[in-house]
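Presented below is the structure to which this report refers.
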Amino acid sequence: MPPRKRIPTKATAAEVATEAGKFDRKAATLAIRNKLNRKTTSSKYGPGTVVSASEVVVPTRLPTGSPAFDVAMTGGLPVNQWTEVVGNENSGKTTFILKSLAKAQRVDPDFVCLWIASETYDPKLATMCGVDNSRVELVEENIMEIAFDIALEYIDGRGCDMVVIDSYPALSTQLEDAKTMEEHTMGGAKVLNLFMRKCTKASKRSLTDPDNDRPFTGVIVNQWREKIGVMHGDPRTTPGGKGKNYWMYARLDVKRDEWITDSSKAKIGQVIKIVCFKMKGARPQQVGVTDFYFADYGEFKAGDYDEFKGLVNLGLLFDIIGRRGSGYVDLNGVFYKSSALLVEALRTDQQQRARLEKELVENSKRGLAPVDIEDEPADVVHLVPAIEEEDVPSARPSKPRKRTPRTAPVAS
């Protein structure tokens, strides 16, 4: 008598067996998924516990307000993830975050940000950058455990769309706060890693319906420190331990490239440069550069980005905007004699501007981000075109054999 076929006890025979009596893996998987997603009083799981990867809807990224930064970050700041913004003093870290927040508030009138200021929060600077302070929940706290608990409450309760911790090096643990100046303590990195582990559950959002379950964007501001006794390699490091680097979905290095001056050599702005030295799901080491004005100059107001300059330059690099002699050709095929005329056309034509920004981001997602070969070698990834197999030279080319002419023998 042949042995009986074993049928899983968690599903009925009709769900796992075909007409021929063979085991149906697809039906068994569907039965288990439906059981785990069923909402009952005795169930410890619930709807959305298990979903098919083909049903996952990836939410759009948070725009930064600068086309150059959006292209470098393949769309902007990642949502439902954490981003670390690192830089030296006076490099533009807070300005970069404030401009991203202002852009998000303009796009979404219900956008709310939780700003944990372990140092200070300047409402005048935020207003200059275009931030609506009435939609910013401000917490001035420098105790690490309290600040992280407040952030978890807002993230888990869907009370905000963005969390900014400015900055991590200014936070101190409760143990450090309770001791005197002569007593040294350590443990901030352990608290930060514990917060990241607990935040994984609090930041869980719907994978199939991101519109109704609003995502959040996490940003932590950090600072560079110098390693001791480093003779070779990069001497820079960041507080928070090495475990933090694995939790971050993106890590950005913000730099001040050069000053912008007027005719009297007075500083009216600066060039902000970001290097994405870690970006999951996209090609890292991309560079974005934009002009930021902190004083009124021409058509620019204090707190403005020069967005159109970045649009024209990126459009040329991606070959979306054409060149014809000394003129330019836009997406509609219209010829302009100078870049100033093209910029003025982009200012008035909002549809063409939106179309240009969309094509730039799509090209960056396909891995076609432009590379400036004049930048520092550490900040640039040089693209090498693929070599076809028939054009690949052999590892050791053969040398032509020298042939000596054969002479006739001399008669004796």
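The values are calculated or read from the model by the stated rules, or taken from the named source; none is laboratory data. The structure presented is a predicted model; accordingly, all values stated were derived computationally and were not measured. Don't worry about glycine lacking a Cβ; one is built from the backbone with ideal geometry, like all the others, and counts go over all protein chains shown.
Overview of values
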item	result
Residue list for region 220-248, restricted to those being exposed (fewer than 14 other Cβ atoms within 10 Å of the Cβ) and of a type in the set (A, V, I, L, M, F, W, C)	228, 230, 231
Failed item, numbered, when residue 124 is tested on (1) without any contact (Cβ under 8 Å) to a residue 24 or more places away in the chain; (2) more than 28 Å from residue 198 (Cβ to Cβ); (3) surrounded by 15 or more Cβ atoms within 10 Å (Cβ to Cβ)	(3)
Residue match in region 289-296 (condition: more than 26 Å from the chain's Cα centre (by Cα) and more than 28 Å from residue 217 (Cα to Cα))	yes
Exclusive hit being part of a loop (DSSP other than H, G, I, E, B) and under 30 Å from residue 52 (Cα atoms), set 208, 200, 180	208
Matching residues, region 104-141, being of a type in the set (Val, Ile, Thr) and touching an Asp or Glu at 6+ places or on another chain (Cβ under 6 Å)	112
Qualifying residue in region 140-157 (condition: out of contact with any Gly (no Cβ under 7 Å at 6 or more places or on another chain), surrounded by 15 or more Cβ atoms within 10 Å (Cβ to Cβ), touching a residue at least 12 places away in the same chain (Cβ under 8 Å) and within 25 Å of residue 294 (Cβ to Cβ))	no
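Condition check ((1) free of Cβ contacts under 8 Å to residues at least 24 places away in the same chain; (2) surrounded by 23 or more Cβ atoms within 10 Å (Cβ to Cβ); (3) assigned by TED's automatic domain parsing to the domain that holds residue 353) across all residues:
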site	(1), (2), (3)
35	no, no, no
40	yes, no, no
44	yes, no, no
47	yes, no, no
50	yes, no, no
53	yes, no, no
56	no, no, no
62	no, yes, no
74	no, yes, no
